[in-house]
Each structure stands twice: as C-alpha cells, then as structure tokens.
1. Of everything in region 390-418 that's β-branched (Val, Ile, Thr) and at pLDDT below 90, which residue is least open to solvent (accessible area, probe 1.4 Å)?
2. Hey, any hits in region 349-365 for a residue that's in contact with a His (Cβ under 8 Å, 6 or more places away or on another chain), without any contact (Cβ under 8 Å) to a residue 12 or more places away in the chain and not aromatic (Phe, Trp, Tyr)?
3. Name the one entry in Ser286, Ser281 that is open to solvent by less than 50 Å² (accessible area, probe 1.4 Å) and not assigned by the TED database to the domain that holds Arg174.
4. Go through region 164-233 and tell me which helices (runs of 4 or more DSSP H), entirely inside it, have 2 or more residues that are under 26 Å from Glu250 (Cα atoms) and small (Gly, Ala, Ser).
5. Could you check how many residues of region 312-334 are at positive phi and either free of Cβ contacts under 8 Å to residues at least 40 places away in the same chain or loosely packed, with under 10 Cβ neighbours inside 10 Å (or both)?
6. If Asp240 passes every condition in (1) closer than 25 Å to Met329 by Cα; (2) under 35 Å from the mean Cα position of the chain (by Cα); (3) in a helix (DSSP H, G or I) but one, which one does it miss?
7. Here is a list of conditions, (1) hydrophobic (A, V, I, L, M, F, W, C); (2) at pLDDT below 90; (3) outside any loop (DSSP other than H, G, I, E, B), and Ile300 meets all of them except one; can you say which number that is?
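The values are calculated or read from the model by the stated rules, or taken from the named source; none is laboratory data. This one's a predicted model, so the numbers in the text were calculated from it and none came from an experiment. Quick reminder, even Gly has a Cβ in these numbers, built from the backbone with ideal geometry, and neighbours come from all protein chains shown. Ligands, DNA and RNA are stripped out before the accessible areas are found, and what is left, the full protein with its side chains, is counted by its heavy atoms. Shrake-Rupley method; radii C 1.70, N 1.55, O 1.52, S 1.80 Å.
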Amino acid sequence: MSRVRADEEEYWHSSKFRAFTFDDEDDELSQLKESKRTVNSLRDIVDDDDDDLERVSWSGEPVGSISWSIKETASGSTSSLDGRDSSLQKGSSSYAALPKQGSSYSLSSLFKGRNKLSSFQSLSDALTDTGVKNFAPELRRPRAEYKDYSSDWSPKDTVRRMQRGKVCSLERFRSLQDKLVLLDEAVAGHDGNVITAVLIFLKRTLRREILFRELEVRQVALCHLIHFLREMGEQKFLLDLLRFLDRTEEVALSQYREHLNIQDVEKRREFLKGCIGLPFSAEDTSHIQDHYTLLERQIIIEANDRHLEMAGQSELFRKYPRKASILNMPLVTTLFYSCFYHYTEAEGMFSSPINLKKTFKIPDKQYVLTALAARAKLRAWGDVDALLTTKNWLGYTKKKAPIGFHRVVEILQRNNAPVQVLQEYVRLVEDVDTRLNLATKYKCHDVVIETYRDLKDRIQLTAYRDKVERGSAEEEKIHSILSN
C-alpha cells in the first residue's frame, strides 16, 4: 500500500503540472469528476474538434470548468479581465477552441452567460439557477468621474468647475484667506455668474464689517455686490454697505428709490417731502424738489377734474372722457394733459399750461411740441395758429416754430389737418427741396406750382401739369404761368 502511494507521489511530482493537495479525497475527487463531465458536455455543444488536447490554467485546473470560471471571476479584484486573457494566451499557443461557423454559441458567450442570438437561452441559465451578473466582472467607473465628488479642489479648480456649470460646494473654504483667494480667482475668471455666486457665499459666511473691508479694495466684486443687492431689493444691507463706504449721495438715492414701492399717493408725497433734506448733490436736490411739487400739483388737478367729470359740468370731459388718472405721470404727460383739457385757463391756476411751463422751466421747444400735439388732436387750428404766431416790439406778427415748420407739417398731417392748413405751413419751410418733397407728398399743389414758378423751372412745371387733375384750378394756374 505504501509503495502504491509512493508511486502516485512520484507521478505527480514528475508531471509538468503543479501538484494538488487533497485534504479530503472524496470531495475533491467528486469535484474533479464533475468538472470533467461539464467540460465534456461543453465540447459536445460547441463541436470542438480538438478533443484530445487538454488545456489548463495557471492554477492547475482544466480550462472551461465551472469551478475554474468562478475562481477566475473571483480573482478579478486583483487583476483585470484583459490581463487574464493575455496570461492565458502566453501559457498556451492556442487559447480556446473556436466553434464551427454554423454554431450560434461561443465559449466567451457561454462563460459570460450570454448568447449571440437573443432567441437562445444561455448555457449558465440552462445549467444553473444562479444569475449571470454574479459571474460577470464589474468594470470600474473612470477616475475622472469620481473627481466630481471630491472635496480637494483648489480655489482655481473650483472656479473653473463653476464656469463649466458643474455643481460644487463652497463650504470647504472655511478660513478667511481661502475665501478671499476664491473671490480673487472668480474675479480673474471674468464670469459674472461665478463672481455673484462667490459673493453670496461670502455674504452668508462672513461678518458684514469684514466683508465690507475686504470689498473696499476689490472694486469689481464690490460693483457686482451692489448691483445684486439692488436687483434683489435687499435695501437694508445695501444702505449699510454704502454708509460703510461713505457714499452719502448713493445712500440718499437708494432711500429715494423707496418711493417706487409706496402705492398710496399721500404717503408717497410725504415720503418725497422727507427726501428733500437728504444729502443729494445740488442737481439731484432740484430734481427731488420738482418731483415733490409735480406730485402735489397732480393731486390737486386730479381731485378737481374728477369732480368736474362726475358732475358733467364740462363739455370737453363729456366729449373726450379721461382714459387714465394723471397721478404719478411724468412732467411731459402732465403738460400734454393740461394743454388738452385746461389750455385756456389763466396763468394763476395750477392746471394752466403756462403755469406748468414757468414752474418747471420747460424749454420753448418742448412746450411748443407738446402743446401743438394736444391742440392738433382736438383739431383746434386757431389755437395752432396762435401758438406759432409771435409779435415783435413794433407790433408786427410773424410765424415762428422753434421745432421747425417741417415738423409742424408732420404733426398736423398726422392729425388729419385739411389741405388748406397744411399748405399754409408748408410754404413756411425754408429749404426748397424739403418744401417740394412735403408739398408733393401731401398733395399741396399750389405750393408745388408756386415753388417751380419762383425757380423758373419750365420743364418741371410742364411735367407736373400731367400729375394734376384735368380741368382743375391747378391746371389752369399752370397754363397761366406757362403762357406768361
């Protein structure tokens, strides 16, 4: 018995394969037999022609056995699947027997629990009930993706990621130095969204005094924060910042902007009255005073006109009902309203156009333009003529238009003025070409004929005769001029 065992030991040690150590002969022998039967069954399925050639892995077990497949998969944590394939190729000149062309299976698909055709069942599903995902190697995600979840970015890397739209947390920057470096990197990146995001983080995590002191020497970031606070309506924080910077005029303007949020007219008037004493510049103080005076006038005019409209005592209000309230309207709109409804009132009345002109120092050009538009809309051509007529110190009258007569003609035509009225002001246009263009465009035939007559242009006058109506007074006038 001992001799037989010695022969077996010698046989195993003389083999080119590494010896097995059998702790339990019956279990290992049964596993070996099972593996052999499995390999033989695989060869029958794939029609392997090289049945006589046996291949083994470096672990000493036959290639293709189920136990070999499981152990090779389990060892994937230390070596990749490609590494195992290359090592097996180095150990044997032919790694695996290929199936015939007509077969729908391959060894790789069998061991991975996959088939070529989706209509066939995989071998692993047929032989065992264990899911194939337990044997398939799991590939790791690229390291670059894991970097997205890292918290070791430098301030520069953090800013670059924010510029690319990546989500990243700024909470890791705890020290004041790190936060300031992050802000400087954001400013150097010239991305307003990134700068604003960093400023919101600093505003939330730093004391106001420290934040204001550091922003005082960083003007770009300071401008971004001021604009952000104004857009978000954080008035108290903004005023504290401006006071710290000693910007008294900006503090006053920021307080003045609060009137936009006051809906009640009386409260707004009282608020504007209080704003007059704020430290504005001389020019801004004048504007605040005018704003308060205008709103005070509008309140008086609105109350009086509402009473007249409801009582029905004014024919003008009955014929042209008011479309909106005059309260909180600009000065030009108030002037147009006054010229439309209160043009003939005495200068002492608050609603008089002349009173508004003198109180708010409206220039003549603006006043004439607004009053002309209002009176032309009412088709009050007599008021238009009086508005454009001036009298010199000798008592002579003369037509004068600070806005130019060509603009007077355009305004009158836009309000459907008759041709007789248009011709009177087209004749007053000094530039000949402009006068001819306007007269031709608005069919002021008399002006065109008189202009060609003054120019002694017989050819143009003859050509224009074909454009007027046959037998009309204009054609007779052209014939008379050409005959002389």
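1. We begin by selecting, within region 390-418, every residue β-branched (Val, Ile, Thr); these are 390, 397, 403, 408-409, 411.
Still in the list and also at pLDDT below 90: 390, 397.
On the way: Thr390: 57, Thr397: 94 Å².
Among those that are β-branched (Val, Ile, Thr) and at pLDDT below 90, it is Thr390.
2. First pass over region 349-365, keeping only residues in contact with a His (Cβ under 8 Å, 6 or more places away or on another chain): 349, 351-353.
Subsequent filtering for residues that are without any contact (Cβ under 8 Å) to a residue 12 or more places away in the chain retains 349.
In the following step, the residues that additionally are not aromatic (Phe, Trp, Tyr) were identified as 349.
Yes, because at least one residue in region 349-365 is in contact with a His (Cβ under 8 Å, 6 or more places away or on another chain), without any contact (Cβ under 8 Å) to a residue 12 or more places away in the chain and not aromatic (Phe, Trp, Tyr).
3. Numbers: Ser286 fails: open to solvent by less than 50 Å² (accessible area, probe 1.4 Å).
Selected residue: Ser281, the only one of Ser286, Ser281 that is open to solvent by less than 50 Å² (accessible area, probe 1.4 Å) and not assigned by the TED database to the domain that holds Arg174.
4. Values: elements: 176-188, 192-205, 208-215, 219-232.
Qualifying helices (runs of 4 or more DSSP H): 192-205.
5. Here is the first cut: in region 312-334, the residues at positive phi are 312, 328.
Those still in the list that are either free of Cβ contacts under 8 Å to residues at least 40 places away in the same chain or loosely packed, with under 10 Cβ neighbours inside 10 Å (or both) too: 312.
Summing the residues that are at positive phi and either free of Cβ contacts under 8 Å to residues at least 40 places away in the same chain or loosely packed, with under 10 Cβ neighbours inside 10 Å (or both) in region 312-334 gives 1.
6. For Asp240, the failing item is (1).
7. (2)
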